[in-house]
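Here's the structure, in structure tokens; my notes come after.
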Amino acid sequence: MMGATEEAPWIRWSLTLAALAVLCLFLLLPLLMVFSEALRRGWDVAMEAIAEPDAMAAVHLTLLVAAIVVPINTVCGVAAAWAIAKFEFPGRAVLVALIELPFSVSPVIAGLVFILLFGAHGWFGAWLQEHDVQIVFALPGLVLATLFVTFPFVARELIPLMQEQGKDEEEAAVTLGASGWQVFRRVTLPNIRWALLSGVLLCNARAMGEFGAVSVVSGHVRGETNTMPLHIEILYNEYQIAAAFAVAALLALLALVTLAAKGLLESHTQRRSRPA
Amino acid sequence: MAPALPFGITRARSALPGFGPAMGITVLWLCIVVLLPLVALALRPWELGGGGVWAMVTSPRALAALRISFGAALLAAAIDVPLGLLITWVLVRYRFPGRGVADAMIDLPFALPTAVAGISLTALYAENGWIGGLLAPLGIRLAYNPGGIVVALAFVGLPFVVRTLEPVLRDLPRDAEEAAATLGAGRWATFRRVVLPALAPALIAGFGLAFARTVGEYGSVIFIAGNMPMISEIAPLLIVVRLEEFDYAGAAAIGLAMLLIAFAILLALNLFARRLRHGTA
């Protein structure tokens, strides 16, 4: 009998309205708040806050860190997915768990661990000082902390998909005489490109938006080691609220573009992915 | 000519090439970026000696910070479960205009940088904010209070509950619901007796994921929390405070305690979910 497993229309409508109300009040309103606060003192003030030299330095640094981190984690993520999805070896489950581990570690701890290693009183601190190498409170520290927090994104998008696809196509290509690199480029890559792109997008969004981990290793030198999220904090603490929200609006736009692109990619693959 | 592999891993039986290099890159990358740093976290606290670590972790300020972080994360996850269930139910079972946009909105807290979420939630829930202004006459002040921490963590955790429930609810076979209806059960009874037990493991998994991903949150919390020691100071902030005092071992001790408590709670949740699954099977 149709309708036996459906709710009465009035219940359906009230549940839908309640869900939409939660979504709007709880999720949409904070997003609107960013743009409303950014433009409160007008478009010119917002533009000025973004064009100001320290803000531009922060934008550059954020782009630089992402430009280093995202390719490294992409190559390594693809390698990990290839090894885990296409081969069988003991300890595979442990490896997957270790790759996902950074997601369960507080961003502050992700920064802390690199201070413990490379800070002035860190394990390698004295050696680094002797050789005049600066890691924490400088670009390498920002890169390492960001590598840690964005470590799982690409691998975890690819592993389930590549496991599902199996290795028949690749084995056929090998039988036909293709080299390893040819197999990857001609067979595997076309099969995984949308999931790969989705993983890269998420990795990039997190790399540009990371706050806790980089805050610990940055040292907050204005115009030098401040990424965009750290610049937002400084402006906010100096009560330059409109300026803080103007820079925040840039990052919010990045989040919106990421979400839209991810939605498009998902409609391509027809595959739902969980948030990381 | 099998390449030497770490940890005594033998070459996997496969016609495909590339296992050696792929595995080598993976293990090297994992060791440098994740394992070596975490080894430092596990070893550094003991410079204080066993008693010193205990004293650091059980100092009143550290205990209060841990209690606030874990309490707020558990409470936020508990709030996210019913909200997430409502949203997932509507998204999976009903068709309505704007459904696609609503679905995309779910991931917003996940994509929005935490510092942006932090200042925005603070502005929203402050006494002169859009929501805070409505709550203030009722005597509810969330911003700059422990309540603000819960709001921020519930915001960050919601997508994890929804995305965990969604595939399970979508694949839930309708036969059991139809059978219950045929036997005369009302819709509410069917939901409570048939649907909810089937979803229980996923609800617990979503709760655990929301908790795990929010307990260490920093950026979304520190702006709204007020950061009063003993009252609204979260454990990650106390780590930062200790680091600023160059107390590396003390900071590491609190960090290690956070990780260990979090893993213990997740393990307990896992065992609970497993028992539940066996109980209903």
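The values are calculated or read from the model by the stated rules, or taken from the named source; none is laboratory data. A quick note: this is a predicted structure, and the numbers were derived from the prediction, not measured. Note that each Cβ is placed from the backbone with ideal geometry, even for glycine, and that neighbours are counted across all protein chains shown. The protein model used for the area step is the full one, side chains on, heavy atoms only, and it has no ligands, DNA or RNA in it. Shrake-Rupley method; radii C 1.70, N 1.55, O 1.52, S 1.80 Å.
Numerical summary
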| item | result |
| --- | --- |
| Charge dipole (debye, nearest 20) of the protein assembly as shown; +1 at Cβ of Lys and Arg, -1 at Cβ of Asp and Glu | 1580 |
| Averaged over A:15-25, number of beta-carbon atoms from partner chains that fall within 10 Å | 6 |
| Cα radius of gyration and Dmax for region B:200-251 (Å) | 14.3, 46 |
| Residue among A:L265, A:L201, A:L176 with the largest mean-square fluctuation in a Gaussian network model of chain A, springs linking Cα atoms under 10 Å | A:L176 |
| Cα shape, region B:1-155, gyration tensor, a/c 1.5 rule | oblate |
| Point-to-point label distance, B:A176-B:W54, nm (Cα→Cβ direction, 7 Å offset) | 4.8 |
| Which of B:Y144, B:Y218 is most accessible, then next, and so on - probe 1.4 Å | B:Y144, B:Y218 |
| Normalised contact order of chain A, rounded percent, pairs of Cα under 8 Å and 6 or more residues apart | 31 |
| Leading residue at positive end of dipole, the protein assembly as shown (Cβ point charges), from A:V133, B:F96, B:A62 | B:F96 |
| At R0 = 41 Å, FRET efficiency that the Cβ-Cβ distance of A:M56 and B:E244 yields, to 0.05 | 0.90 |
| Burial ranking of peptide ranges B:156-163, A:127-134, B:206-213 (average Cβ count within 10 Å, highest at the top) | B:156-163, B:206-213, A:127-134 |
| Cα gyration tensor shape of the protein assembly as shown, rounded if a/c is under 1.5, else prolate or oblate by comparing a/b with b/c | rounded |
| Charged-residue dipole, Cβ positions (Lys, Arg, Asp, Glu), chain A about Cα centre, Debye nearest 20 | 580 |
| Inter-label distance for A:R186 and A:R92, nm, one decimal - labels placed 7 Å from Cα along Cα-to-Cβ | 2.6 |
| Share of pairwise Cα separations in chain B, more than 29 Å, in percent | 51 |
| Residue among A:E210, A:E169, A:E266 with the largest mean-square fluctuation in a Gaussian network model of chain A, springs linking Cα atoms under 10 Å | A:E169 |
| Descending semi-axes in whole angstrom, ellipsoid equivalent of chain A, from the Cα gyration tensor | 35, 32, 17 |
| Point-charge dipole on Cβ atoms (K/R +1, D/E -1) for region B:19-133, about Cα centre, debye to 20 | 160 |
| Average other protein chain Cβ within 10 Å of Cβ, residues A:76-82 | 6 |
| For a label point 7 Å along the Cα-to-beta-carbon line of A:L63, residues of region A:220-238 with backbone N under 20 Å | A:222-232 |
| Taking only Cα atoms of region A:131-212, radius of gyration then Dmax in Å | 17.7, 54 |
| Largest-first ordering by accessible area, 1.4 Å probe, given options A:F137, B:F191, A:F211 | A:F137, B:F191, A:F211 |
| Per-residue mean of C-beta atoms belonging to partner chains within 10 Å, peptide A:248-261 | 4 |
| Extreme residue, positive dipole direction of region B:139-281, given options B:A154, B:Y218, B:L237 (C-beta unit charges) | B:A154 |
| Förster-model FRET efficiency, 45 Å R0, B:R275 and A:L139, C-beta, rounded to 0.05 | 0.35 |
| Cα pair count fraction exceeding 16 Å, expressed as % - region A:1-113 | 81 |
| Local electrostatic count at B:G129 - Lys and Arg +1, Asp and Glu -1, tallied over other residues with Cβ under 13 Å | 0 |
| Mean Cβ neighbour count within 10 Å, used as a protection proxy, ranking B:53-61, A:61-69 highest first | A:61-69, B:53-61 |
| Top positive-direction residue, dipole computed over region A:44-118 with Cβ charges, set A:I99, A:L63, A:N73 | A:I99 |
